[in-house]
Amino acid sequence: MSKDDLAKASFSYSLITLRENYLQAIKSKETANEQFQAFTSIFMTLFQNDILVGGCPLMNAAIEADDSNILIEDSIKEGFTGLINTIKAIIELGKSQNEIDKQIDSEQMAVFILSIGALILSRLYKD
């Protein structure tokens, strides 16, 4: 197994672990508010190394991809698309339950939530 193969396998494992933790946290919640709280709690545990050592694999890989010719760029994009779709589904649930204004563009809001969360945590941890 090459170094690149090992990196891909490690990243794939991290993505699967991350996805399963997010889905497990929100699946038992009935309202969008509860699901957002569960999603946020998983996001925050990434910085405490409770789920995966080293923080969020997507954020870390995205930062590395910016500085180098990384071979897992498609996997990084796929991971972020999965997070965006998870948040989008929560927003859609909120719309259907009248918790969220139906005029909100779910995809734009999901991207905004994900990006603002990353920015806030980056500044909080100065990393």
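The values are calculated or read from the model by the stated rules, or taken from the named source; none is laboratory data. Quick caveat: nothing in here was measured; it's all calculated off a predicted structure. Using ideal geometry, Cβ is built from the backbone for each residue, glycine included, and neighbour counts are taken over all protein chains shown. With ligands, DNA and RNA removed, areas are computed over all heavy atoms of the protein, side chains included. Shrake-Rupley method; radii C 1.70, N 1.55, O 1.52, S 1.80 Å.
Assorted remarks:
- Screening segment 102-113 for residues that are closer than 20 Å to PHE39 by Cα and assigned to a loop (DSSP other than H, G, I, E, B) and picking the one that is most open to solvent (accessible area, probe 1.4 Å) gives ASP105.
- The residue of segment 8-27 that is farthest from the chain's Cα centre (by Cα), among those that are surrounded by fewer than 12 Cβ atoms within 10 Å (Cβ to Cβ) and of a type in the set (A, V, I, L, M, F, W, C), is ALA9.
- Under the condition of being modelled with pLDDT of 95 or more and loosely packed, with under 11 Cβ neighbours inside 10 Å, the residues counted in segment 64-95 number 0.
- ASN21 vs. criteria under 17 Å from ILE84 (Cα atoms) and without any contact (Cβ under 8 Å) to a residue 40 or more places away in the chain: yes
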